[in-house]
Amino acid sequence: MNKHRLLRDENQGRLKMAGIALLVLTLVAGFFIHIHAYFPGTGFFGFQAVFGFFACAGLVLLTRLIGLIIKRRDNDHV
Amino acid sequence: MITGHLPILLLIMPLLAAPLCVLLHRDILSWFLALLVFLGVFAGAWALLGSVLEIEVWRYTIGAWESPWGIELYVDSLNAFVLVIVASIGAASLLFARQSVASEIAADRTYLFYSALLLNLTGLIGVILTGDAFNLFVFIEISSLSGYALISLGRKRLALYAAYRYLILGTVGATFILIGVGLLYVVTGTLNLQDIGVRIADVSADRTLATAICFLLIGLSMKLALFPLHVWLPAAYSAAPSVVSVFLAGTTTKVFIYVLIRYVFDIFGLDTIRGILPLGDILVLLSMLAILYGSWMAIVRSSIKSILAYSSVAQIGYMVLGIGLFTRTGLTASILHMFNHALIKSALFMAAACLIYRLGTDRLEDLRNSSGCMPWTRAAFVLGGFSLIGVPGTVGFLSKWYLLQATIESGNWPALAVMIIGSLMAVVYFWKIVEAFYFRQPAQDTGEKMTEAPLMMLAPLWLLILANIYFGIDTDLTLDSITLAVSSLAGL
Amino acid sequence: MQEFAGIFNYLVVVVLMMIGFYITIANRNLVKKLIGLNIFQASVFILFISMGYVHDATAPIVADGHTAYSSPLPHVLILTAIVVGISTTAVGLALVIRIYKSYGSIEEDEIIEKMEEVE
Amino acid sequence: MCSLLHPALVLIVAGLFLPLLRGVYRNLCMFIAPVIALVLVWTVAGTVDCRMEFMGIELQVLHLDSLSRLFVTVFSIMAFAGLLFAYRQAGTVELSAALVYAGASLGVCLAGDMITLFIFWEIMALASTVVIWSGGTSASAAAGMRYVIFHLLGGVLLMAGIIAWYHDTGAVMFSAMTLDNMATWFIFAGFMLNAAAPPLSAWLADAYPQSSCSGMVFLSAFTTKTAVYVLMRGFPGTELLIIFGLLMILYSIVYALLENNVRRMLAYSIINQSGIMICGIGIGTELALNGAAAHAFSSVIYQALLIMSAGSVVYMTGKRNCTDLGGLFQSMPVTAVCGIIGALAISSFPLASGFVSKSMVSQAGVDNNLFLVWLALQAASAGVILHAGLKFPWLVFFHRDSGLRPGDPPMNMQLAMILFAILCLFIGIFPGTLYVMLPYAVEYVPYTADHVLAQLQLLLFSGLAFFLMLPWIKANLGATHDFDWIYRVLLNRIFCMLHNVASTFVNRARDLVITMLGHVLRRLNGIVLSGQRQSLFLSNAILLSVAFLLIFLSYALSA
């Protein structure tokens, strides 16, 4: 059975490149479109990007910690 | 004029019919006679309520001896309302009785069964209507003695032991009441209830009066199955023949709650009582325990009638709670719940009786094996259960509303908390039954499909269920009579 | 001494009441329980009768030489109460017979042992 | 009497009659009811009031204004699409209950007084329980039980509050309240329970995933959103709500991240979205309330879309854990596309409905100078990526190929999903259509170049973080303890312990009483009754002695 187009190795690489290009594009666009700073300290270049990234990373880490306490066996709910 | 003698007629009809039943001797004839009498009492009770709502009080003197020397029947909106409860439940259970009784009691004894049932009704009507303290005791014993006999007719031999226990405790309770009446007579020199009420105001609170009141209250509490004096009730209700459970659950305890209300608010008066003991606090405390204990035991039990019986212990707690608050709203709630609970419990016991009629058992375990059959009975049970847990649109909601209002008004937070917990516990035990009805796979497929209960049983069952809904929406009739009754009682 | 005579009946009532009550609740034999119940009720009858008694009084029939009459009402009531008590005993004994037939015993602990379900 | 047929009754009656109908009549009855409700509320202009009397209290059973019209609209649409999704797979009981459930939620939104509100509130609780029970497994029966107890607890709290309010003020009309007395606190607690605010939140994730694939679609829409509606009417601008809202957002993200079961994860995302609305209500300005209302409208739709998509996957594969799924986009293209549109909407991607509604709430935070609220809402946007926004579509439809090749679900399910996907995009592209329905006039413009760019940066870099940390996220997947542990495990243990202690105590007390009574008698008259200490008739002894005790006590008091 043929692999789906999106799953072939050569296309996987291209998808990754496209994704990275998109990220760069949104960052670069920040040079041309001024993002309004609603609160002091949030107006520097790429604030939203940095905030998004670190908020997520922080949440994952936090979850990791909490998960150590509250996790239980997989089918406890059933 | 026959209407002029309505109160005594109501009393005499079943009293005369009871021996007549024995003479008739044929089961179908005795049933028919009993049914006629019960329907007659039903019609008479409504007529009585109608006339009492207009003239307020009807004092019927027997043998033209003026009270307080003669014995009188005393009817006001309070006991006319209670009489309507008893008569309605009685009529419904008699309509229902024929097939259920035929399946549970030997054919050569059914006429005795109906005779005893008629005597029981006589006793209850007597308790409700009489205006004489000693007659009250006699009527209590008439209804109790026939009650013991009725309970002992249950299918299992447990019924015999339950009836015996009930007899011992019931007699002790009745004797307590007798002691109380005797001591009251010592203090006031009269046995006419209204007269006692008048004279008691002149009596300074002395020991004899206090003792009289205590004996009376404890005797009544035992009769109305207030926790912790309830021990006779669960076994008696769950072991009795199905029809007896239907009838007793809707009537007996309500009648004794009526007597309690009559004594506390009308005869003793709150001032006298307050001078003697903190009755309100005691009643509230006991009823809170009753709610918690009854609900808890209902959760633990595993057959429908037993669950319903313990639920009755809890529901009696709600009624007494309303009384114990000593407020207008509380008393309204209590009387309203008497009416509503009679409708609810009798309907539920009827549904249980239908199941027993077809399946021969009411154990939850066995019900699971027969899920899917008897849809009308089960639907009726679910609707009745909704009423029990107080879903809007049913009478149970009104009870819950007024009881909550009464507790909030009097700022009794522990009682409020207990009511909230109790209503959740009701959901749990009700759900246990529903789960057995609908949500369990049969352990083994017996192959045979159970048919629905016969129409003669389903019709009265659904009649009561519809009454549950009707009186939950149209509140005029019940609330009007109750408001009148409450405002006629002294001390509030 | 006069004082004591006045309350002697009531003392008897209390003692009888407690004895009857104790037998009713503590005895395991169903018939003896009924006997206890009867003693208990008898004590109440005595209570009523004593209440109606007035020292040096006579029955309430107007006659010369008597100024004090005792109330007949309690005595009349007790007649009714005795009837009620007898009925209760009769029903109770009938139940005991039925219990003996189906359980084969009138000892409470044996009955409970044989009970199918305690619910 | 009333000039308008009550829309709630239309749905409830249709639901009750449904089991009696067959074939085409059944379908007609089912689909026409929500349409009638929709027509009813849009053919009358302005506000409508209907009054009637119950228990001697004057009730306003119908009060239609712009806010209630908005909620009635979205609930009717929801009922229609949900039925479309469900009608061939679900049993009659479930469909019937769903119609009653939808009808009751309309009733809540149209209630002008609190008694009417409460009545519909209870019907909603019962009908939704039946929907959960229709899951048909023993797990759903048990979960339904816990659910109904929780909701009836909320109901009793609400009822107590209403009664206290009636007692204090003599009125039952439903209007804005402040949290300054017991009555309003009780009402507030009742509302918050339905809004799934912690610590009263565990019922949601516990019960919803146990319903059937179609049942959860209905469940996701009505209960929490009616709670949002009543909070909006009853407690606008209550600052406590901001704290609750933020708590809900954070709590649900953490739990959704830990969750492996697809439907449980989406259940937590319901709490997450409700948190945003509750924040908006807490801020309480016109813009914030508009935002909360708009967000409720759009979130009902995308939430249902996501759950339909996940339900289709579970329905077709029979698997419900993320780790068992993957690569399904190849054989379920429609489901995948619809799921992705839903995910875009929930993460408020520009051009999808979430963007135009959620940003109103953020903007309200900015206008009120609430820096932390704004920051938390931004973080919430980013956090959504971690569950519904990216984790759900990525792990289910892409990622590692699970080898499963189920087809798309039956046509009616696809149609329902497509309908909602189109609605999500339509609202996102033409926000004006939503804005005209809002209770207050809208001046807010969502599509400015800098806002779009800011949102894109935020979301795309959150996505980057997601992909970089994917191994860590997957390591966390599993079942977790929630507040339900308290009542499922702890309370159970406590009850067992109490039961044991109490029964031992009662037995001891009985023995003691019997012995004591014996002693008393011996002293009284010297009669020795031996060997009768342990009667089996003990229960009577204790109560009779209580009786005597009371008598002696009263004697002492009166002396």
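The values are calculated or read from the model by the stated rules, or taken from the named source; none is laboratory data. Because the structure is predicted, anything quoted here is derived from the model rather than measured. Every residue, glycine as well, gets a Cβ built from its backbone with ideal geometry; the counts of neighbours run over all protein chains shown.
Residue-by-condition table, conditions (1) within 14 Å of chain B (Cβ to nearest Cβ); (2) of a type in the set (Gly, Ala, Ser):
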site	(1), (2)
C:ILE35	yes, no
C:PHE45	yes, no
C:MET51	yes, no
C:VAL54	yes, no
C:ALA57	no, yes
C:ILE61	no, no
C:ALA68	no, yes
C:SER71	yes, yes
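Against the conditions (1) within 12 Å of chain C (Cβ to nearest Cβ); (2) over 24 Å from B:LEU464 (Cα atoms); (3) modelled with pLDDT under 90, B:ASP108 satisfies every one except (1).
Scanning the range D:163-177 for residues that are more than 9 Å from chain B (Cβ to nearest Cβ) and either in contact (Cβ under 8 Å) with a residue 24 or more places away in the chain or not polar (S, T, N, Q) (or both) gives D:TRP165, D:ASP168, D:GLY170, D:ALA171, D:VAL172, D:MET173, D:PHE174, D:SER175, D:ALA176, D:MET177. The helices (runs of 4 or more DSSP H) found entirely in the range D:1-112 include none that carry 3 or more residues being touching a strand residue (DSSP E or B) at 6+ places or on another chain (Cβ under 8 Å), within 14 Å of chain B (Cβ to nearest Cβ) and at pLDDT below 85.
Residues in the range C:83-103: is at least one of a type in the set (S, T, N, Q) and assigned to a loop (DSSP other than H, G, I, E, B)? No: zero hits. If you check D:ILE422, D:ILE473, D:ILE418 for being touching a helix residue (DSSP H, G or I) at 6+ places or on another chain (Cβ under 7 Å), part of a helix (DSSP H, G or I) and away from chain A (no Cβ under 14 Å), only one passes: D:ILE418.
Taking the stated definitions as given, is D:THR323 assigned to a helix (DSSP H, G or I), among the polar types (S, T, N, Q), out of contact with any His (no Cβ under 9 Å at 6 or more places or on another chain) and crowded, with 18+ Cβ neighbours inside 10 Å? When the stated conditions are applied, D:THR323 does not pass them. Scanning the range B:251-279 for residues that are at negative phi and either within 14 Å of chain D (Cβ to nearest Cβ) or not in a helix (DSSP H, G or I) (or both) returns B:PHE268, B:THR272, B:ILE273, B:ARG274, B:GLY275, B:ILE276, B:LEU277, B:PRO278, B:LEU279.
Yes or no, residue by residue, for (1) small (Gly, Ala, Ser); (2) over 23 Å from B:PHE268 (Cβ atoms); (3) surrounded by fewer than 24 Cβ atoms within 10 Å (Cβ to Cβ):
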site	(1), (2), (3)
B:ASN120	no, yes, no
B:ASP132	no, no, no
B:ILE140	no, no, no
B:ARG155	no, yes, yes
B:LEU167	no, yes, no
B:ILE177	no, no, no
B:VAL186	no, no, yes
B:GLY189	yes, no, yes
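Answer yes or no: is there a residue in the range B:185-194 that is over 25 Å from C:LYS33 (Cβ atoms) and either of a type in the set (Gly, Ala, Ser) or free of Cβ contacts under 8 Å to residues at least 24 places away in the same chain (or both). Within the range B:185-194, one or more residues are over 25 Å from C:LYS33 (Cβ atoms) and either of a type in the set (Gly, Ala, Ser) or free of Cβ contacts under 8 Å to residues at least 24 places away in the same chain (or both).
Among the residues of the range B:134-169, those identified as more than 10 Å from every other protein chain (Cβ to nearest Cβ) and farther than 23 Å from C:TYR103 by Cα are B:LEU136, B:PHE139, B:SER143. Kindly check whether there is at least one residue in the range B:233-253 that is among the aromatic types (Phe, Trp, Tyr), buried (at least 24 other Cβ atoms within 10 Å of the Cβ) and at pLDDT 85 or above. Looking through the range B:233-253, at least one residue is among the aromatic types (Phe, Trp, Tyr), buried (at least 24 other Cβ atoms within 10 Å of the Cβ) and at pLDDT 85 or above.
Quick grid of which residues meet (1) within 23 Å of D:LEU289 (Cα to Cα); (2) modelled with pLDDT of 90 or more:
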residue: D:ILE123; (1), (2): no, yes
residue: D:ILE132; (1), (2): no, yes
residue: D:VAL148; (1), (2): no, no
residue: D:LEU152; (1), (2): no, no
residue: D:TRP185; (1), (2): yes, yes
residue: D:PHE188; (1), (2): yes, yes
residue: D:ARG233; (1), (2): yes, yes
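In the set (1) of a type in the set (S, T, N, Q); (2) within 14 Å of chain A (Cβ to nearest Cβ); (3) within 28 Å of D:ARG263 (Cα to Cα), the condition left unmet by D:ASN412 is number (2). Scanning the range C:13-26 for residues that are more than 11 Å from the chain's Cα centre (by Cα) and surrounded by 20 or more Cβ atoms within 10 Å (Cβ to Cβ) turns up C:TYR22, C:ILE23, C:THR24, C:ILE25, C:ALA26.
Scanning the range D:135-150 for residues that are closer than 22 Å to D:LEU95 by Cβ, of a type outside the set (S, T, N, Q) and more than 9 Å from chain B (Cβ to nearest Cβ) turns up D:GLY135, D:ALA139, D:ALA143, D:TYR147. Answer yes or no as to whether B:ILE196 is away from chain D (no Cβ under 12 Å) and out of contact with any strand residue (DSSP E or B) (no Cβ under 6 Å at 6 or more places or on another chain). So B:ILE196 passes the test.
For the condition within 13 Å of another protein chain (Cβ to nearest Cβ), under 20 Å from B:ALA235 (Cβ atoms) and in contact (Cβ under 8 Å) with a residue 12 or more places away in the chain, what is the one hit in B:ALA314, B:ALA290?
Result: B:ALA290 is the single residue among B:ALA314, B:ALA290 that is within 13 Å of another protein chain (Cβ to nearest Cβ), under 20 Å from B:ALA235 (Cβ atoms) and in contact (Cβ under 8 Å) with a residue 12 or more places away in the chain.
Suppose the filter is in contact with a helix residue (DSSP H, G or I) (Cβ under 7 Å, 6 or more places away or on another chain) and not basic (Lys, Arg); does C:ILE86 pass it?
Answer is no for this residue.
The number of residues in the range B:398-429 that are of a type in the set (Phe, Trp, Tyr), under 25 Å from D:ILE115 (Cα atoms) and surrounded by 24 or more Cβ atoms within 10 Å (Cβ to Cβ) comes to 1.
Out of the range B:226-250, which residues are within 14 Å of chain D (Cβ to nearest Cβ), of a type in the set (A, V, I, L, M) and outside any helix (DSSP H, G or I)?
B:LEU226, B:LEU229, B:VAL231
Of the residues making up the range D:134-145, those that are touching a helix residue (DSSP H, G or I) at 6+ places or on another chain (Cβ under 6 Å) and in contact (Cβ under 8 Å) with a residue 40 or more places away in the chain are D:SER134, D:GLY135, D:ALA139, D:SER140, D:ALA143, D:GLY144. Go through the range B:363-410 and give me each residue that's of a type in the set (Ser, Thr, Tyr), at the interface with another protein chain (Cβ under 9 Å from one of its Cβ atoms) and not in a helix (DSSP H, G or I). Of everything in the range B:363-410, nothing turns out to be of a type in the set (Ser, Thr, Tyr), at the interface with another protein chain (Cβ under 9 Å from one of its Cβ atoms) and not in a helix (DSSP H, G or I).
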